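Take a look at the structure set out below.
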Amino acid sequence: MYSEIVLEHFRQPHNAGALPGATATVEVVNPVCGDILRLSVRAEEGRIVAARFKTQGCVASIAASSMLTDLLTGKTIAEVRRVSAEQISESLGGLASATFHAAQLCADACGALLSELKC
């Protein structure tokens, strides 16, 4: 059901945990399944230099959150605006329609993050 990339990010998530000195922290919830993503980033000179997450949810949501932090780190704010649910899904080898909500949760977090950063 899950790709090897999804399973890798689920079993050994990248950038999990709190981020001391975060510039912005947002929390988004999927009202249908109840998954929760708390995303923290540190931005310096218009670029994301660190990203961490805490997710309560399914395998796909944890994996997508892990992938999201990999995708965000090093990106400019303008590049963050272009991060989409489709990009996150593709980065994980393509999520099935039943699990695509995980990628959408991450895209929603990006939108909330941009609002929090006032960009």
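The values are calculated or read from the model by the stated rules, or taken from the named source; none is laboratory data. Not measured: the values here are computed from a predicted model. When we count neighbours, we look across all protein chains shown, and the Cβ atoms used for this are built from the backbone with ideal geometry, even at glycine. For the accessible areas, the whole protein counts, side chains as well, though only heavy atoms, and no ligand, DNA or RNA atoms are used. Shrake-Rupley method; radii C 1.70, N 1.55, O 1.52, S 1.80 Å.
Data table
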{"read-out": "Test: residue in region 91-100 that is in contact with a helix residue (DSSP H, G or I) (Cβ under 9 Å, 6 or more places away or on another chain) and on the phi > 0 side of the Ramachandran plot", "value": "yes"}
{"read-out": "Restricting region 28-48 to residues that are of a type in the set (A, V, I, L, M) and open to solvent by 60 Å² or more (accessible area, probe 1.4 Å), the residue that is nearest to the chain's Cα centre (by Cα)", "value": "Val29"}
{"read-out": "Among the residues listed as Leu105, Leu71, the single one being more than 13 Å from Val26 (Cβ to Cβ) and either assigned to a helix (DSSP H, G or I) or among the polar types (S, T, N, Q) (or both)", "value": "Leu71"}
{"read-out": "Counted residues, region 31-67 - those being within 16 Å of Gln104 (Cβ to Cβ) and among the aliphatic types (A, V, I, L, M)", "value": "10"}
{"read-out": "Count - residues of region 68-85 that are of a type in the set (A, V, I, L, M, F, W, C) and within 15 Å of Leu105 (Cβ to Cβ)", "value": "5"}
{"read-out": "Where a residue in region 13-42 is closer than 16 Å to Glu116 by Cα and its partner, wherever it lies, is part of a loop (DSSP other than H, G, I, E, B) and among the polar types (S, T, N, Q), with Cβ under 9 Å and at least six apart", "value": "Leu37/Asn30; Ser40/Thr23; Val41/Thr23; Val41/Thr73; Arg42/Thr23"}
{"read-out": "Some residue of region 51-67 being in contact (Cβ under 8 Å) with a residue 40 or more places away in the chain, hydroxyl-bearing (Ser, Thr, Tyr), under 21 Å from Met1 (Cα atoms) and assigned to a loop (DSSP other than H, G, I, E, B)", "value": "no"}
{"read-out": "Filter pass, Pro20 being part of a loop (DSSP other than H, G, I, E, B), open to solvent by 50 Å² or more (accessible area, probe 1.4 Å), within 16 Å of Ala107 (Cα to Cα) and not basic (Lys, Arg)", "value": "no"}
{"read-out": "Only listed residue being under 14 Å from the mean Cα position of the chain (by Cα), open to solvent by 40 Å² or more (accessible area, probe 1.4 Å) and modelled with pLDDT of 95 or more, chosen from Thr25, Thr69, Thr55", "value": "Thr25"}
{"read-out": "Complete set of residues in region 73-102 that are hydrophobic (A, V, I, L, M, F, W, C), touching a residue at least 40 places away in the same chain (Cβ under 8 Å) and open to solvent by less than 30 Å² (accessible area, probe 1.4 Å)", "value": "Ile77, Leu92, Leu95, Ala102"}
